[in-house]
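> Before I ask anything, here is the structure I am working with.
Throughout, read-outs are computed from the coordinates displayed, never taken from laboratory work. Treat the numbers as computed from the prediction; the structure is a model and nothing was measured. Cβ: placed from backbone, ideal geometry, glycine included. Neighbour counts: every protein chain shown.
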Amino acid sequence: MAKNKDGDVDLIIIVNGQPVPIDANANEPLRTVAQQALDKTGNSGQPLQNWEMRDSGGNILDLDRKVGDFHFPDGTKLFLNLKAGVGG
Amino acid sequence: MATQYTDPSVSRRKFEREIIEYKSLGEEYRTRGWLLVEAEFPKVLVVLAAAKLKPTPVVMGVAFDYTNYDAAPPSVKIVNPFTGEPYKFKELPNPLNRALPAQEIAIPGFPMQQKMMVQGEQPYMQAFGPEDVPILCLAGVREYHEHPAHSGDIWELHRKSGAGRLVRLLEVISRYGVEPIFSFGVQLVPQVGLKYGPPPQ
């Protein structure tokens, strides 16, 4: 659950295997958190739409939903990875 | 065997960063069935198991070669997890199929309004024949960028996005090669014969 006092939740976003802590506001969309994680890790090579975020169960998360909708506990690890794209 | 032509200390340092970051979340990855069994520059071997199933089957090994990283992308091969030998195409546990977007097609012989939805699959593992060692057809993989069919999609276009990073590549292989496994497939072949009583005197 997000912290009541400030509506923030401490997330750990793992960008291509590199963990980065993000203090996320419950009212902002997950997209903002993902973009912050990319900026902090210097991943400027591909736009956000080429990335996908998943929880530790492997479920893809909708980046347009608010952080608070997911009821993440503090310290939740989320995985942000480059999409596979078209092979062949 | 690739020749190290970039400064080995640079490649080694970047390789070590991959391993340190992997190990910092090693417990998380282990619960997903990823077992790091070898990490000695420039090689990494990770064994992938289908952790959702009980008993848990080992599905495949993934061998990485980070020679020249990241001036060049890593080599990635699906291998026998016990011998480390690269699988031929015919030996692959599965070809890492990806579902293509469903397409509407007209049914021959029926009015144009009669259409059906068809969803195809495309394998990420590609080879010319069943006896060949397949390549992982994915940007960020050495074999992909060295293939003449991909000369227009050079490594430098993907390098800064981390396309060759260990965890990113494992995520793709696990997602398409291991996570779709949801149960054991059992085929029972009934055999019919004649049963005889005691022979007559």
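> With every atom except the alpha carbons ignored, what do you get for Rg and Dmax of chain A, in angstroms?
12.7, 51
> Once every DSSP H run of n ≥ 4 in the protein assembly as shown is given -39500 (n - 2.57) and the sum is divided by its residues, what mean residue ellipticity at 222 nm do you get, rounded to the nearest 500 deg cm²/dmol?
Working: 5 runs with 51 residues, N = 289.
So the calculated ellipticity at 222 nm is -5000 deg cm²/dmol.
> Positive end of the dipole of the protein assembly as shown, charges at C-beta (+1 Lys, Arg; -1 Asp, Glu), about the Cα centre: which of B:111, B:190, B:129 has its Cα farthest in that direction?
B:190
> If you count the DSSP beta bridges with both ends in region A:8-82, what percent of them are antiparallel, to the nearest 5?
In region A:8-82, DSSP labels about 75 percent of beta bridges as antiparallel.
> Shifting gears a bit: How much length would be gained if the chain were fully extended between residue B:103 and residue B:88, taking 0.36 nm per residue of separation minus their Cα-Cα distance, in nm to one decimal?
Roughly 2.2 nm would be gained on extension.
> Right, here's the next one. Percent relative contact order of chain A, based on C-alpha pairs within less than 8 angstrom and at least six residues apart?
Result for chain A is 40 percent.
> When a footprinting reagent is the concern and you count Cβ atoms within 10 Å, what order do B:145, B:150, A:71 take, fewest first?
By the 10 Å Cβ count, ascending, the order reads A:71, B:150, B:145.
> Using a 10 Å cut-off on Cβ atoms, rank the peptides A:45-53, B:39-47, B:116-124, B:59-67 from the highest mean neighbour count down.
Working: A:45-53: 15.7, B:39-47: 18.1, B:116-124: 12.9, B:59-67: 21.9.
Packing order, densest peptide first, comes out as B:59-67, B:39-47, A:45-53, B:116-124.
> By DSSP, what percent of the beta bridges with both residues in the protein assembly as shown are antiparallel, rounded to the nearest 5?
90
> Just list whichever of B:52/B:160; A:40/B:23; A:40/B:14 have alpha carbons separated by over 23 Å in the model shown.
B:52/B:160
> Could you list log10 I(q)/I(0) for region B:8-177 at q = 0.13, 0.20 Å⁻¹, which the Debye formula gives when each Cα is one point scatterer?
-0.69, -1.39
> Residues of B:130-137, mean number of Cβ from any other protein chain within 10 Å of their own Cβ, rounded to a whole number?
So the per-residue partner count for this stretch is 1.
> Can you check what the net charge comes to around residue B:154, using other residues whose Cβ is under 15 Å from the Cβ of residue B:154 (Lys, Arg +1; Asp, Glu -1)?
The answer is -2.
> Okay, moving on. Which residue fluctuates most in the GNM of chain B (Cα springs below 10 Å): B:179, B:104, B:27?
Among B:179, B:104, B:27, the largest mean-square fluctuation in the Gaussian network model of chain B belongs to B:104.
> What is the percent of Cα-Cα separations in the protein assembly as shown that go past 28 Å?
46
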